[in-house]
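Only one structure is covered here, and it is reproduced in the block below.
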C-alpha cells in the first residue's frame, strides 16, 4: 500500500477502511494532550531545547513543539483559537506559577480552585441548593454566545492546512450532563434529576440553546475547514454509567440528537464524542444519534473490554484512546506499555486511533511515553 497523507490516514479509520498504519495522536483533542510536567521531563529526556509552552493553564496541558510532531509523525492537529496579539504563541510554563494556588470563574458562573501543583475542582456551583425552581434559572446571569472564543480560529485552521497535511479537529460546545453537574454540584445534580426533573430539563434546554449559538459561531469560522468536530460530556464512572440508561434515553439522548443534527446541518466534518468511564450500556445510543468516533475508551472501567467493543460496535463506530493510563502507563515498564499497545491495536483493529485514556498525566515517566509512541508507530493494522 502506498503511504497515505496524515489526513487520509485518519479518514480511512473513520471510513472503516484499512490505513497503511495506525494514526498517531499528540494533542489532537482536549483529552489527548500531555501534562506540563510530563512534557517538561520528556523534552529534557530527549535533549530538546527551548521552554515548555502552555496550551491552557486551566487544564495544565503543554503545547507540543513542532519537533515532537515531526518526531512522532503526528496525524491530527487541534485547531485552537488565539488572539491576534499572541500570534499563535502560547504562554511559557513557569513552575512557580504551577506550584501556586489558582482560581477562576467560568462563563456559567462556576468557580473552580486549584491547589498548589494540583488540578482545578469546583468550589462554587450557582444552583447548589435543594429548593430549585424555574425562577432560579430566570435570575441567573447566563453567558452570551458573543463570549465564544473564535478569535484567530480561521487563521489557525488555514495555517495548519497550508503547513501540514494533518486531519484537523475543533472542540465544539455541547455539554449536557456535565453542565448540570458543574452548575448544580455533582451530588445535588443527581438528586435533582430524580426529584426535580422539570428544573433539570429547563436548565438543559437553556444551556443547550446557548451552546448551539456558540457552536454556530465556531462552525461559521471553521466548519468547512476541519475534519472532526469534537464533543465532550462524561456519562460514565468506574463501575457503570452515572445515570441509568433509561434516564439517559429519556432526558439526555433527545438533546444530544438535537445537538449533533444541528452540527451536521452546518458542517460535513465527522463527529467525535468524548465520555470517560464505563459507557458500554449506552454506546448503541451514541451511535444512534450520530457519533462516529468514541474517545477515550476507558479500558479500566467495567464492561469496556476492547475486543468486545469492536465485535459489537466496530461496524458503526471507530475508537480513539484505549491505552491504559490508570495503571500501565504511569506504573508499568516500557515493555508492559508496548504490550498494552499491542493488545489494543489487535483488539480494535483498523478502526482505531491509538492513544492513552485521556491526557498523559504528570506521573508518567518519559521512557513510557516514548515506548507508547514507538509501539503505535511500528504497529500495522490488519
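The values are calculated or read from the model by the stated rules, or taken from the named source; none is laboratory data. Bear in mind the structure is a predicted one, so any value in this text is a computation, not a measurement. Using ideal geometry, Cβ is built from the backbone for each residue, glycine included, and neighbour counts are taken over all protein chains shown.
Report, by residue number, each residue of the range 334-372 that is over 28 Å from residue 93 (Cβ atoms) and assigned to a loop (DSSP other than H, G, I, E, B).
349, 350, 351
Can you find, within the range 39-57, the residue that is surrounded by the most Cβ atoms within 10 Å (Cβ to Cβ) among those that are in a helix (DSSP H, G or I) and out of contact with any helix residue (DSSP H, G or I) (no Cβ under 7 Å at 6 or more places or on another chain)?
Here the residue is 39.
Since residue 130 meets every condition but one in (1) under 21 Å from residue 63 (Cα atoms); (2) assigned to a loop (DSSP other than H, G, I, E, B), which condition does it not meet?
With respect to (1) under 21 Å from residue 63 (Cα atoms); (2) assigned to a loop (DSSP other than H, G, I, E, B), residue 130 is out only on (1).
Being out of contact with any strand residue (DSSP E or B) (no Cβ under 6 Å at 6 or more places or on another chain) and crowded, with 20+ Cβ neighbours inside 10 Å is the requirement here; does residue 337 meet it?
Spelling it out, residue 337 is indeed out of contact with any strand residue (DSSP E or B) (no Cβ under 6 Å at 6 or more places or on another chain) and crowded, with 20+ Cβ neighbours inside 10 Å.
Of 375, 303, 322, which residue is assigned to a helix (DSSP H, G or I) and touching a helix residue (DSSP H, G or I) at 6+ places or on another chain (Cβ under 7 Å)?
Within the list 375, 303, 322, the selection yields 375.
Residue pairs, Cβ under 8 Å, 6 or more apart or interchain, first in the range 131-146 and over 15 Å from residue 179 (Cα atoms), second surrounded by fewer than 12 Cβ atoms within 10 Å (Cβ to Cβ) and at pLDDT 95 or above. List them.
134/198
Would a scan of the range 184-205 turn up a residue that is assigned to a helix (DSSP H, G or I) and closer than 26 Å to residue 292 by Cβ?
yes
Sort out which residues of the range 156-176 are touching a residue at least 12 places away in the same chain (Cβ under 8 Å) and either more than 18 Å from residue 263 (Cβ to Cβ) or surrounded by fewer than 16 Cβ atoms within 10 Å (Cβ to Cβ) (or both), and write them in order of number.
156, 158, 159, 160, 161, 164, 165, 166
Here's a check for you: in the range 7-23, which residue that is assigned to a loop (DSSP other than H, G, I, E, B) and surrounded by 24 or more Cβ atoms within 10 Å (Cβ to Cβ) is farthest from the chain's Cα centre (by Cα)?
Among those that are assigned to a loop (DSSP other than H, G, I, E, B) and surrounded by 24 or more Cβ atoms within 10 Å (Cβ to Cβ), it is 22.
Show the residue pairs meeting these rules: Cβ distance below 8 Å; 6+ apart or different chains; first residue within the range 53-82 and on the phi > 0 side of the Ramachandran plot; second residue in a strand (DSSP E or B).
60/35
Scan the range 82-101 and tell me whether some residue there is surrounded by 13 or more Cβ atoms within 10 Å (Cβ to Cβ), at pLDDT 95 or above and not in a loop (DSSP other than H, G, I, E, B).
Scanning the range 82-101 turns up no residue that is surrounded by 13 or more Cβ atoms within 10 Å (Cβ to Cβ), at pLDDT 95 or above and not in a loop (DSSP other than H, G, I, E, B).
Look at residue 150 and say whether it is in contact with a helix residue (DSSP H, G or I) (Cβ under 9 Å, 6 or more places away or on another chain), in contact (Cβ under 8 Å) with a residue 40 or more places away in the chain and part of a loop (DSSP other than H, G, I, E, B).
yes
Give the residues of the range 266-297 that are out of contact with any strand residue (DSSP E or B) (no Cβ under 7 Å at 6 or more places or on another chain) and either part of a loop (DSSP other than H, G, I, E, B) or under 22 Å from residue 214 (Cβ atoms) (or both), sorted by residue number.
Within the range 266-297, 266, 268, 289 qualify.
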